[in-house]
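Heads up, the thing below is written out as structure tokens.
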Amino acid sequence: QVQLVESGGGLVQPGGSLRLSCAASGIIFNMYTMGWYRQAPGKQRELVASITTDGRTDYADSVKGRFTISRDNAENTVYLQMNSLKPEDTAVYYCKAQRISRYWGQGTQVTVSS
């Protein structure tokens, strides 16, 4: 049974930081491209950042220079370090594992507000 469990969301003031984690089980983690997506109310889910099996990263323009994705294959975990957060970063953040099949986590809420 595949499980992706996100954690680390919460309420933070503008300019603050959060670190999201996604722990995977039931897959051979180092064979999967991992991604972080987000969905704000009334909007479509969008890609935030992704990291391939060999560590290549890609970011949405809106988060470049502020967010960093990384992975620890020994811990079967992918991270999203989010700095200089803005109110428009408020969303539910989802983790995805992609190879031939794709798997999603349940999401974690990030709220940026003063």
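The values are calculated or read from the model by the stated rules, or taken from the named source; none is laboratory data. On a predicted model such as this, the values are computed, not experimentally measured, just so you know. Glycine also receives a Cβ, built like all others from the backbone with ideal geometry; neighbour counts cover every protein chain displayed. Surface accessibility is based on the protein's heavy atoms, side chains included, excluding ligands, DNA and RNA. Shrake-Rupley method; radii C 1.70, N 1.55, O 1.52, S 1.80 Å.
Side notes on the structure shown:
- Residue under evaluation GLY55, criteria (1) loosely packed, with under 14 Cβ neighbours inside 10 Å; (2) in contact with a helix residue (DSSP H, G or I) (Cβ under 7 Å, 6 or more places away or on another chain), criterion not met: (2)
- Selection status of SER114, assigned to a loop (DSSP other than H, G, I, E, B), of a type in the set (Gly, Ala, Ser) and in contact with a Pro (Cβ under 8 Å, 6 or more places away or on another chain): yes
- Where a residue in the stretch 79-106 is of a type outside the set (A, V, I, L, M) and its partner, wherever it lies, is open to solvent by 10 Å² or more (accessible area, probe 1.4 Å) and part of a helix (DSSP H, G or I), with Cβ under 8 Å and at least six apart: GLU88/SER62; ARG99/MET31
- Listed by position, the strands (runs of 3 or more DSSP E) contained in the stretch 68-109 that have at least 1 residues being touching a Gly at 6+ places or on another chain (Cβ under 9 Å) and either open to solvent by less than 10 Å² (accessible area, probe 1.4 Å) or small (Gly, Ala, Ser) (or both) are 77-82, 91-98.
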